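Written out below as structure tokens is the structure these notes cover.
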Amino acid sequence: MLMHMSISGGILIILIMALRMLAVKPLPKKVFVLLWEIAALRLLIPFDLPFQYGIASPVTEKAERAVLDMSRPASGNIDWRMALWILGIAILLFIFGIRYYRESQRLANALPVSKDADEILRMLVKIPERVKICVSDRTSTPLTVGMVQPRIILPKQLRADRIDLKYVLAHEMVHIRRADNVLKMIMLMAACIHWFNPLAWVMYLFFDRDIELSCDERVLEIYGEKQKKKYAETLLDLAETQYQWSLFLNGFGKSAIQERIVAIMNFKKISIAGIVCAVLMTGTAMTVFASGSAAVPEKSSGAGAGMVEIEQGDSTDTRYFRSEDGLTEVEVTVQDEMKDEYQIETAETGNGEVTVSISSEASEAE
């Protein structure tokens, strides 16, 4: 199932990248964020929907059949692929855990702004009391930190006479309302689970860029198209200082500055046609969860009940069977008294599972 999820998710990622290259300007940026979220769900959730056809079905079936042909371990051997996969996840979680701890420590000593400054800043933008406004000399650009108790951290060297803080604060509040820090962690989790699939890392990197584009777009929707020049100037002023890219945090001036400036200056309110296209693309993307086969149970005798005997194992009592669609493979040990007569019963559940029974007295293996 893991390979099925990774392949179908990878195909969706490729399609999103192609769409992004062709239509990133006319389409709302929120659409691309939503498409990346659907791709992440495909990589994380091990279930299919009962659709026979989906955008990834033809390629997924062929790819999985090829993987099964190449990667089935010899009978009795330890599945080294599973051990390697778990080891890779453990190493990445250890590395990212250390990085998260260091980033948290770097900003842990950020101090709340003065009471007067806090009141002035909250007059510029509606900020709920649960969100704290702090200042730190360990960042050069405004950041949003925290998931349960979010904080907006402003750089100590920020020059209020050059920077229009209402745009900065509005941008950070969009991140907080959309829980972008949480979403970014989920994306990183999906990339870690599918570390062997380079497309999962492509998804993470472009999701990081598109949430910034989407936040810029939302701020301009709030303040109007006439403010896009001032907003772009604010972004450029903050971009003059260097910033270390973060795996976990979101910030106003931290990502793909040139792309963001172009998107800001090209900003226009979404049209009806854009809304229709967004709905169609989202619906199409959801078909990546299609099982690719109807969930109809089958039952008959011999190796033909939806299963094809493909190989005899190292011992005479071992048989290998594969479903006729090539997507499910099982190993069956036949007892001595049943070698000449056995019965295969299959129950396709839509997620690649198959129930196998040997005659009427055999145990079931899933």
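The values are calculated or read from the model by the stated rules, or taken from the named source; none is laboratory data. Every value quoted in this text rests on a predicted model; they were computed, and no experiment measured them. So basically every Cβ, Gly included, is an ideal-geometry build from the backbone, and we count neighbours across all protein chains shown.
Figures for the structure shown
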| quantity | calculated |
| --- | --- |
| Pairs where the first residue, in the range 143-170, is closer than 19 Å to R130 by Cα and the second is among the small types (G, A, S) and modelled with pLDDT under 85, C-beta under 8 Å, 6+ apart | L143/S246; L143/G251; T144/G251 |
| Within the range 103-126, tally of residues that are surrounded by 10 or more Cβ atoms within 10 Å (Cβ to Cβ) and in a helix (DSSP H, G or I) | 13 |
| Residues satisfying the stated conditions in the range 192-226, i.e. without any contact (Cβ under 8 Å) to a residue 24 or more places away in the chain, part of a helix (DSSP H, G or I) and either under 19 Å from H175 (Cα atoms) or not aromatic (F, W, Y) (or both) | P198, Y204, L205, K226 |
| Residue match in the range 1-20 (condition: closer than 22 Å to I261 by Cβ, assigned to a helix (DSSP H, G or I) and without any contact (Cβ under 8 Å) to a residue 24 or more places away in the chain) | no |
| Cβ pairs under 8 Å, 6+ apart, first in the range 230-246 and more than 22 Å from Y204 (Cβ to Cβ) and in the same structural domain as R209 (by TED's automatic domain parsing), second modelled with pLDDT under 80 and among the aliphatic types (A, V, I, L, M) | T234/I163; L235/I257; L236/I257; D237/I163; L238/I163; A239/I257 |
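So that you can scan it fast, the table gives a plain yes or no per residue for (1) modelled with pLDDT of 70 or more; (2) not in a helix (DSSP H, G or I):
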position: Q242; (1), (2): no, yes
position: I261; (1), (2): yes, no
position: K269; (1), (2): yes, yes
position: A278; (1), (2): yes, no
position: T282; (1), (2): yes, no
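Let's see how each residue does on (1) at pLDDT below 95; (2) surrounded by fewer than 23 Cβ atoms within 10 Å (Cβ to Cβ); (3) of a type in the set (D, E, K, R); (4) within 9 Å of the chain's Cα centre (by Cα):
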position	(1), (2), (3), (4)
A179	yes, yes, no, no
K184	yes, yes, yes, yes
N197	yes, yes, no, no
M203	no, no, no, yes
F206	yes, yes, no, no
R209	yes, yes, yes, no
E212	yes, no, yes, no
C215	yes, no, no, no
L220	yes, yes, no, no
